[in-house]
Every structure is written in C-alpha cells, then in structure tokens.
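Okay, so here's the structure we're looking at.
The values are calculated or read from the model by the stated rules, or taken from the named source; none is laboratory data. Computed from a prediction, not measured in an experiment: that's the story for all the values here. When we count neighbours, we look across all protein chains shown, and the Cβ atoms used for this are built from the backbone with ideal geometry, even at glycine. Side chains included, ligands, DNA and RNA excluded: accessible areas come from the protein's heavy atoms. Shrake-Rupley method; radii C 1.70, N 1.55, O 1.52, S 1.80 Å.
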Amino acid sequence: MSDPGGRRDLNRRLFQSWHGAIAGAIVLSFVGWMLATGVPAGREPGYDRTFLLATGWATLALFLVVLLHVTRKYVHKLGISPEFRMRVPIGELERAETELNAIRRQVAGGTLTDRGDVLRAAKTALRRHGVHKILRVEIEPGDGPNAPAWRVLAHPTFPLGKMFHWMHAHLFYGLAAGVLVFLHGGGALQAGLGGVLTVLALVVVGSGLVGIWFWATGPARMTADERDLSAEKAFALHENLERKVRAAYDDVDESLRAEVRSLEDAGEDFAARAKALLAKSAGASGLTDLFALLGQRRRVAAELRRLMRRRSRMHAWRVLHIPVAIVLAAAVVVHLVSVLRY
Amino acid sequence: MADIPQEVFALPLFEKLNPKQKKLVESEASLEVCPADTVFAHQSEYLARFCVILQGGVTMYRKEGGETKVLGAFGQKDWFGELGALSNQPEPATLRADTRTTFLVCEQALFKQLYKNKHFKGLVDETYRRLSLSVHLRVAPIFKSLSPAELRAIESHVSMVEYDKGRVIAEEGGEADAIYLVRSGAVSCTKDGGKSILGYHMANSSFGERALTGQKAWPGTYETMAPTAVLKVSVSVFRDVFAQEPRVLDVLARTAGFIIAEEMGETTGVFDIAHDDSAFSADELEVMVGKQSVKGGEALVIDMHSCVRCNACVEACVSVHDDRVPRLSKTGTRVVHKETGHTVTLATSCYNCEIPECMMACEYGAIRRDVQGLIRYVWDNCVGCQMCSTACPYGVISMTPPPRAGETEPSFQRHWFLQTIPFIGKRFGGSHRADAKKDEGTSEEKAVGKLRGVESRGKAIKCDLCAGLPFEACVYNCPTQAIVRINPEKVLTGRDSRGLLPKH
Ligand code: SF4
Ligand code: SF4
Ligand code: SF4
C-alpha cells in the first residue's frame, strides 16, 4: 500500500470501526437464519412471517441509527444540542487545573503513587469545580526515565461521541440495512410501495457505496494533486492577486479601463487580445503591469477551479444520496403505517 | 514561470553562482511586477521569500506603537526578505513600490539552495547584519528587555556561527558562557549522555540565558540536528557593555530567571529521544522544527490521506464563535513522509507556544497563560493595537471588527433566530454572552486596557480550544477523524498512538 505519490493510499480510517463488526454480525445472523431454515427472502412462496417481521424491524432499527447520526449532526450545527448547555466558566476550569497541577506535583514528589488514588484525587478535583462534565481524567504511565510515575491528563469529554464514530455507524448500519431491505422485500421490483421502497433503498445504498469509494480513495488523490498548491492556498493567492489587480486598475488611464475589463472574461484568446491592446496603446502607463497581474490571476484561478472541481466530484454523490434518502424515509413511514394499520 | 533575464546573473549577488544554482534560478525564481505606489509586502506578513529588485525601488517603513517610521529605501540591485526566508520571521517592515518595480522572487526553498553559495551568503549576511540583526535579536525573550539603543550597543559583538549536522555546541555540565539564538536549522538538548531529550531549539529559539544568572552549568548537551546557523553573544559582552549600567544587568538577570523557570516547567515531561530510524529527512525535520511546531505544546494535525475536504472542521469552528470568524485554517505546513508519501498538515491554529511571542508583545495585559498552559485573551483588555498579531510567528491571530456596545468576547454561538423566540429563546443560549462576560479576567485586568486611549482596530482572536465546552468543535465534528490535536513531536517520530504517520 506504500506509494510515494500517495495516490493509491486508501483512507483506512474510514473502515476501522467495531460498528463494522456489529453490522456484519447482524447481516450474517439473518443469512444464517435463512440457510438454516431454508426460508426464502421477501414474500416468495413458503415465506416465514416471523422472518419477514424480524428483517423489517431490524431494517427500521438500522435506519433509525442512520437517522440519529443525521439528527446529531444538524442539531449540533444549529447549536441546540445538549452539550452546549454544559459550558462552564473559564475561572472554574482554571481552578480545577490548579488542583490537577497540585496532584501532578504530589505524583512527581512520590507522595501519591497508586494509580487508583491518583485517579480518585483527580476526579474529585474536577467534580469540586463542576467541570467533570466537560473534562475527563486519564492516567497514563510516565514517559521516559526521569518522568513522574503517572501522567495526569484531562481531555474534553466529547459527550455525544465524535462525529467519526457516528459516521462509521451511518456507513456500516446503512450498508447492513441495504442487505436487510433485500432480505425483507426479496429484491423484487414489483409495482406498489414495496417496489418503490426497494428501488429507493437501492439508489440510497448505491450512491452511498459510490460515496464510500470516493471518500476512501479521494483524499490521497487530492493530496497528490495538491502537492504544489493546495486549494486553500490557491484561494488565498487569488484573493491577494485580486487586491493587486484592483490597485493596478487605478494606474491605468480611465479611457482604457473598460476595454481591459472586457478582456477579463476572455478565453484562450486572452494573450493575443492583450498583446493587441498593448500594441494599440503603446506607452500607456500601468497597462503592462495590469496585464501581468491579470495573467497571474487567470493562472491561479484556473488551478483553483481545477482543484475545486476535483473536490466537488468527491462529494457529488450526495446530490443523489440526500434527497433520495429523504424520500426513502418518508416512504418507510408510509409503509410502516400501512403495515401497522392494515 | 516568467523568463529570467540573463542580466540577473551579472548582478553581484548572483555572479558567482555555480551552473547548477543558475539553472535553479532560471527554473524556480519568478518575476513579479508591482505598480507604483502599491504595497509589495506588509509588515508582519508571513512571506518567507527573498526578493531582488531588478528595476524601480521601494521604501521600507514600520509601524511601531501607532507611529509610522520610514526605515530606508531599496533601489535597483538591492535585496530584502532574508530574515523571513532564513528564519521564518514575519516581514519586519512594509515595503511600498515608489515607481513601477520589478522583483526577482526566490521562494524559501530556492533561497536556501542559493544560500549554500559562499559569495551569495557573504553578501546576504552582510546586509542582514546591517539591516535585520537588531530586529531579529528582539525575537529572543532575553533581548526584548533591552531598549533599541541598548540592543544596538551589543549588536557589533554578535557573532554569526554555523555548524554542520551532528556538531556539539555545548556539553552538559560545562560552563554556560554565551547566549545563542538559532537563525536556521535545529538543535536538540539531551541529557544523561543522550538518553533523554530536554527540548528542541529551532529558528528563533534561544538558549543559554542561564549564563546570566547564578546557574552557570549547561543543563544538557546541545547538538545540531541539521546544518544550523546561530547568533552567539558571549556573556562577558553584557558585563563589558553594561558595566556602568547595573540596572540593565539586573533586568537581564531577572528576565533570564523567568526564562529558566519556564524551562523547568517544560522539562517535567521528559520524553524519550527520537530514534535514528525515523524516516524523515533532515529537510522535513527542519520544516517541522523550523516552524516551532515541535517545540509548541499540541498542534492541530490533519492527516491528508483521511481528510475528505468537507470543511466541517472550519465550519464547526465558525459555528461555535459568535463573531463567525474561524480560528482554524486548513493551510499550514505540510509534512511528507519520505518513503510512503503519507502527508500531514500542521493546521494554522495556535500552538500555545512555550515562549508566546504574542503575550510578550501585548502591552495591555490582554493575553495571559492560564494554568493549563494555554494562551488566553482577556477580551476586555484588548485594545486592537495588533501588536500580538504582528508578533505571532505563525500568523494565527486575526482581528475582528470592533464589538458593538455591551458585547464581550466572542463566546459560543446559539442560532440567533432561536434566541429571538420569546421566553424560550434564552434556553437556547441567550445567557451565554452573560456567562462570557462573567468569566473573562478580573476587574483589575479589565481596567488596564480601558485606561489607554488607543484607537481600536477590532479585537484579536485566535484558537481558544473552545474553552469551557466539552469538545473542540473541529476535532468533534470531523467525519473521518482526520484532524486531531497532538504533540507534533510524536507525529515526527512515528510514536503517536493514532499512527498518523505510520511506519508503513
Ligand atoms: S498566538 Fe501565535 S505566538 Fe501566541 S501562542 Fe499562539 S502560536 Fe504562539
Ligand atoms: S479548537 Fe475550537 S477554537 Fe480552536 S480551531 Fe478548533 S474549533 Fe476553532
Ligand atoms: S472536517 Fe476532517 S475531513 Fe473535513 S475538511 Fe476538516 S479535517 Fe478534513
């Protein structure tokens, strides 16, 4: 997997999660059930009602986990998720840290040696100042020959779990749900709600798979592409040149400005038209400088466009995934209501 | 890339370059044109490039304490930018083109290649000594306590010394007799025969201040990790030059005491020496240490092979700050693993430096180090003088527009429209602004800034680690765990538990 260009590097972090194992186990248990009892998928002749219900409810549960991730994301974005209410005054944070420092000194001085005692003392210090909800203590063995026996670390609690855990849950349970939809509906593209649900689920899972592929391979490709100039730097450079161009216009005779402006949107013929205008207005002050800057800006803008195109390609699958997922959610609700009522 | 005119190689600076270096100039240098009366480089801008004037001229001026001073002018064949290109220092002055001016621009990497040429280096160093040395000396905390006149007095006694990689500058236990300021390269300080590392010193980092106090023995062995250039001032110089001014000697000794106290704090977490099997080349090491990332506490590091460029980190940072200004930028230093090509970015975010230039530069008590070792703003004290943003070597401090009456420091956002809902709006966080007002700084601290009649150009902001919240929004919201806060030294040595730069 080692490629000095980095192009072939997979984004392994995207797959390293115990959610994958759980999702796999869920799918395997249903497949095992089918193999052991010989029940067919969906409503094929000889279908088993219990199997049908079990796959249906399991699919719904998996979809709900996926939905929970989406909810967590937007509730946090809106600033109304509960962890915002945990904010503590900085003064308390500092007083707690002072106490932790005293504990660290005791550890370094050898008066506090037992790991359990250190952990208890540190937890009490955080609780005393009401910061135990935002900070979590971790005790690590000392690092290096002269270091104290234990390192007392305080990390944020990340109460709802980091987004990447949720992302993993979304990814693996979403995939598992896709398989269960097949087992539940039998994969038949019949008319009616059942068929619509199958098609929608196929599109959502399919576009999700494309997304996984892009997210797995895209970062390394982008990195290799950006080796000379990252999109962020290109953007900053473009802004800078934009300022310089604006200043340079002031040095050009007013009668020429409109003509130069009309060249700004020129395509391939920019250089030729610029040359012609330069020749026509030989000696006009500031024009050469302005064209030099415009040329630089065009080159940076082209590079920026190229990089941004690549970036948007990496996220293009969402254009299909998100709206169809919303329709799927609505269709699932209709399906559920109809099943429960009739 | 523009065609470099051959006359360039007739300039005194370039005339003795070898053919390979000339080829490099032809392929790597660029020409830039600056129209008359426009600013080519702003004071405190982080450019790190070396420029030679081919045509035209520029005036150099510097803003200090609200006053603008003209420092001098550069004409055809003159050059500038060696301080930034060599030592990653922000531009010491603003440069404005007097007439239409054409520059030959050499980016840092090219400059470092040319600097290997003896003749080129000799000329550059001579200008550096004449124009930039006193500016550069002020980077070292010990020299900050000296007035410009006092600095000038010792300037002529400063020697510029260079070492190859692996050379010992000072031996553990030996007598500390000089203060060193690293210009480029990197120096490790190890003790117990190299078994443990006390720290790294890289561009703009100084050591040896203890020579001015009673503690005269070197605490460790100082050895260069890459070809290194240092400025050296013997302690006897201070005694001779300031023999008649015991006050200055006293201030120097007290400042040295403060620096040593900070060092003591630093060395409590002694870490194991980096092993030689680390797959980083000297150049990459230099990039990391050259920007003080190694020396700083923890930095935000982005694994570029996991980052899907969704921008959620920057958006999350925006969303937890009322002023809607991100403290995080995904630009920064990229470090590439030599063998695997695996790349990480040290994101532009506060490193909470062990020697925080921003704090040293602030005259209004608006920046302090808290007990967690983090650099914090006392928002009410900030008068918007921009001294901190000028001083920060990494350009991580930006300015917000001046706050409206009654507004306090940027606190954590609640959506404004939710706050407008009668009765329940407050539940969504309307009270957080009031909390922020309560939290920040004592009344004495606040009073300091208000007594000064300085025109505010906004407020300084930088990464506050989302203080007071149970998460760092950028790390919390990254969908791929690409961004983490970690000691870059661990990334460098492949010892981070998350395997950011795994030894494939
Ligand atoms: S603001 Fe800049 S100088 Fe200050 S601590 Fe942060 S990185 Fe260092
Ligand atoms: S830790 Fe908080 S303030 Fe700092 S860059 Fe991340 S989101 Fe922004
Ligand atoms: S949130 Fe993570 S994946 Fe997205 S841009 Fe930031 S570091 Fe990259």
Any residue at all in segment A:142-154 that's facing another protein chain (nearest Cβ under 9 Å) and under 29 Å from the mean Cα position of the chain (by Cα)? yes
Enumeration of residues in segment A:279-335 that are in a helix (DSSP H, G or I), open to solvent by 70 Å² or more (accessible area, probe 1.4 Å) and among the hydroxyl-bearing types (Ser, Thr, Tyr): A:THR288
Residue, nearest to A:PRO45 (Cα to Cα), within segment A:195-230, restricted to residues that are open to solvent by 20 Å² or more (accessible area, probe 1.4 Å), without any contact (Cβ under 8 Å) to a residue 40 or more places away in the chain and in a helix (DSSP H, G or I): A:VAL199
Considering each of B:ALA312, B:ALA316, B:ALA347, B:ALA299 in turn, give the residue that is within 11 Å of ligand 2 (Cβ to nearest atom), under 15 Å from the mean Cα position of the chain (by Cα) and either over 14 Å from B:ALA473 (Cβ atoms) or at pLDDT 80 or above (or both). B:ALA299
Selection from segment B:465-504 of residues that are in a loop (DSSP other than H, G, I, E, B), open to solvent by 20 Å² or more (accessible area, probe 1.4 Å) and at pLDDT 80 or above: B:LEU465, B:GLU472, B:GLN481
Per the filter on segment A:198-233, residues small (Gly, Ala, Ser) and within 10 Å of chain B (Cβ to nearest Cβ) are A:GLY211, A:ALA216, A:GLY218, A:ALA220, A:ALA224, A:SER230, A:ALA231
Among the listed residues A:VAL118, A:VAL107, identify the single one that is modelled with pLDDT under 90, more than 10 Å from every other protein chain (Cβ to nearest Cβ) and crowded, with 18+ Cβ neighbours inside 10 Å. A:VAL107
Go over the candidates A:THR50, A:THR98 one by one and state the one that is over 25 Å from the mean Cα position of the chain (by Cα), facing chain B (nearest Cβ under 9 Å) and open to solvent by 50 Å² or more (accessible area, probe 1.4 Å). A:THR98
Scan A:LYS133, A:LYS77, A:LYS123 and give me the residue that is under 30 Å from A:GLY208 (Cα atoms) and open to solvent by 20 Å² or more (accessible area, probe 1.4 Å). A:LYS77
Failed item, numbered, when B:MET399 is tested on (1) away from chain A (no Cβ under 11 Å); (2) modelled with pLDDT of 75 or more; (3) more than 12 Å from ligand 2 (Cβ to nearest atom); (4) open to solvent by less than 30 Å² (accessible area, probe 1.4 Å): (4)
